[in-house]
Amino acid sequence: MPVDQLRDLCKMEAELQAPAQPQTLAEALPFGSEEEAETPSTPSPSSSSGPPPSSVEAEASLWDIRRVMMADLVGYLLLKYHAKEPITKAEMLGVVPRDAQDQFPDVFCRASACMLLAFGLDLKEVDPGEHTYALVPTLGLTWDGVLSDDELSLPKTGLLVVVLVVIFLQGDCSLEEEIWRALGRMGVCAGKVHYIYGEPRALLTQVWVQEGYLEYRQVPHSDPARYEFLWGPRAHAETSKVKILEHLLRVNGRVPRSCRFLPEEVVNEEEEGP
């Protein structure tokens with residue numbers, strides 16, 4: 001798979017922070033934002049503490065090797081998803097060099113996180129006895145996220161998940177400019193072709209409207225005209241606000257402050273239906 005720019009996308013729902021477009025997939029994969037912040041930097045000559053330079057260089061080298069292994073595993077998983085084939089643990093182990101098999105649990109964990117955050121795909125174990133896995137769209141969605149049969153066409157469900165989350169966080173209805181402001185912080189901009197999502201405006205206002213995941217309408221009485229997004233009927237049918245909250249907890253480890261008063265209210269609303 002082409003080694004291309006993913007780091008901020010792999011943190012998309014976790015932070016929605018200002019993007020710094022990385023240059024390679026190995027750089028871009030989510031090698032843990034928290035761990036990354038703790039990665040030792042090379043001490044200055046005047047520094048009297050910290051590990052010797054050789055130790056720091058060794059850790060940095062291991063860091064880079066892990067990223068390359070993650071890039072390879074993510075590329076392999078995407079190929080299997082396109083082929084609609086099951087994935088075995090043995091096959092995934094085969095992607096990791098023999099002399100680095102002890103790194104597999106960490107590489108597997110972070111590659112799984114990348115598949116979820118960047119592509120909206122859950123890597124689920126479907127047969128524990130055979131250690132067989134499958135990639136499925138998260139949140140209960142049924143759209144596979146692929147717009148063509150081309151192997152280089154990357155799944156776009158990750159962006160749909162972000163849009164549904166933003167709409168939920170903004171009270172079930174989000175002005176178009178607010179959506180683009182949020183996506184812009186991830187480097188996804190209207191009218192600008194994205195290396196994963198293509199032209200995102202077409203996705204939001206055409207593809208996902210036609211698929212029933214979004215409703216795109218003019219704000220009543222707005223002059224000049226302004227537009228807003230809501231969940232479409234298919235989104236209401238396939239996922240729920242409870243699943244969104246669970247997703248936010250899974251990704252962030254916490255519910256956003258603005259949602260902390262919502263759970264009981266959301267559960268009651270889910271029981272009543274949309």
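Quick note: the coordinates plus some simple rules give every number you see, no bench work behind them. Please read these numbers as outputs of a predicted model, since none were measured by experiment. When we count neighbours, we look across all protein chains shown, and the Cβ atoms used for this are built from the backbone with ideal geometry, even at glycine.
For LEU214, the residues 5 or more places off, or on other chains, whose built amide H falls under 5 Å of its own are VAL209, GLY232.
Once both labels are positioned 7 Å from their Cα atoms along Cα-to-Cβ, the gap between ARG98 and HIS236 label points is 5.9 nm.
As a proxy for reagent exposure, VAL146, VAL188 were ordered by neighbouring Cβ count within 10 angstrom, fewest first; the result is VAL146, VAL188.
Could you tell me whether the range 129-184 comes out rounded, prolate or oblate from its Cα gyration tensor? Rule is a ≥ b ≥ c as square roots of the eigenvalues, rounded for a/c under 1.5, then prolate if a/b exceeds b/c, otherwise oblate. It is oblate, given that a/c is not under 1.5 and a/b is not larger than b/c.
Pairs from the table (LYS80/LYS243; LYS156/LYS192; LYS124/LYS243; LYS84/LYS156; LYS84/LYS124; LYS89/LYS124) lying more than 20 angstrom apart at Cα are LYS80/LYS243. Using θ = phi - 60° in the Karplus curve 6.51 cos²θ - 1.76 cosθ + 1.60, the 3J(HN,Hα) couplings for the range 190-200 round to 4, x, 10, 5, 9, 5, 10, 9, x, 7, x Hz; x is entered for Gly and Pro. For LEU175, the residues whose modelled amide H falls within less than 5 Å of its own, excluding neighbours fewer than 5 places apart on the same chain, are PHE229. What nm distance separates the two modelled labels at LYS89 and GLU199, each placed 7 Å from Cα along Cα→Cβ? Those two pseudo-labels are separated by 4.6 nm.
A cut-off of 5 Å between modelled amide H atoms, ignoring neighbours fewer than 5 places along the same chain, links ASP122 with VAL136, THR138. Protection proxy ranking of 208-217, 122-131, by the mean of other Cβ atoms within 10 Å over each peptide's residues and highest first, is 208-217, 122-131.
Label-to-label distance for GLN206 and GLN170 is 2.2 nm, based on points extended 7 Å past Cα in the beta-carbon direction.
Judged by the gyration tensor of its Cα atoms, with axes a ≥ b ≥ c, the range 159-244 is rounded; a/c sits under the 1.5 cut.
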